[in-house]
Amino acid sequence: MAFARLYELYSRPLYFNLLKLLKTEQAAEEILQNIFFIIWEKREAITINQSIKGYLFRIAENKVHDFFRKMKRNRKLYDYIQEVSCGEYEDVEIKILHSEETALLNKAIENLPPQRKRVFYLCKMEGKSYQEVSRLLGISASTINDHIVKATRAVRDFILANN
């Protein structure tokens, strides 16, 4: 009967205090129940040197601090998991996207005439200068430039048309 009376007197003010601090009904209700569970479990060992109201509100304050510490730990864990999983997901997504782009580029290059394809590959893929390609293929640098301009346009048009 004493416990029921204690609950009747203090559960409502404790609940509103918890609600004000926690901002969620569910958390306030859970902590309120936890407070009275602790009181019930330790009813025979409790020695109160202050008012029962002060004792209950001190327990509530400690439980709120515990709640926020737990939330902070959970938030850090959530952020870490999200960072790791999103990073791995983005890596896979980037690899897939890159492989698709590479396949499309290779297909566009394959559609070029043989000489233009050779010039484009040497200049753009291998990074050779126009002069190096000119010496290697025995054609003028202006012809190399013409092939590059036309190849670049054809590759761009092919990609735009197939993307």
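The angle separating the long axis of helix 25-41 from the principal Cα axis of greatest extent in the chain is about 40 degrees. Tally up the carbon and sulfur contribution to the accessible surface of the chain as a whole percent, 1.4 Å probe, everything protein left in place. Here it works out to 55 percent. With helices as the sole contributors, the chain gives -28500 deg cm²/dmol at 222 nm; each DSSP H run of n ≥ 4 counts as -39500 (n - 2.57), and the sum is divided by every residue. Note on the chain: with charges restricted to the Cβ of Lys and Arg (+1) and Asp and Glu (-1), its dipole about the Cα centre is near 380 debye. Taking one quarter of the surface of the C-alpha convex hull of segment 1-73 gives a mean projected area of 5.1 nm². Place +1 on the Cβ of every Lys and Arg and -1 on the Cβ of every Asp and Glu in the chain, take the dipole about the Cα centre, and give the residue among N162, G54, N145 whose Cα lies farthest towards its positive end. Ranked along the dipole, the leading option is G54.
Straight-line reach from K72: taking Cα to Cα under 26 Å and skipping same-chain neighbours fewer than 8 places apart, the lysines in range are K20, K23, K63.
Within straight-line reach of K117, meaning a Cα separation under 21 Å, sit the following lysines at least 8 residues removed in sequence or on another chain: K107, K128, K150. Can you give the longest run of the chain that contains no trypsin sites (Lys or Arg not before Pro) sitting in a DSSP loop with at most 13 other Cβ atoms inside 10 Å? Longest stretch, sites excluded: 44-163. Considered as an equivalent ellipsoid built on the Cα gyration tensor, the chain has semi-axes of 79, 14, 11 Å, the largest given first.
Checking every one of the GluC sites (Glu not before Pro) in segment 1-76 against DSSP loop status and a limit of 10 other Cβ atoms within 10 Å picks out E44.
The loop-placed GluC sites (Glu not before Pro) in segment 108-156, going by DSSP, that have at most 15 neighbouring Cβ atoms within 10 Å of their Cβ come out as E126.
Here the label points at I48 and L104, each 7 Å from Cα along the C-beta direction, are separated by 7.2 nm in the simple model.
The values are calculated or read from the model by the stated rules, or taken from the named source; none is laboratory data. A quick note: this is a predicted structure, and the numbers were derived from the prediction, not measured. Note: ideal-geometry Cβ built from the backbone for every residue, glycine included; neighbour counts use all protein chains shown. Heads up: the accessible areas ignore ligands, DNA and RNA and are worked out on the full protein's heavy atoms, side chains in. Shrake-Rupley method; radii C 1.70, N 1.55, O 1.52, S 1.80 Å.
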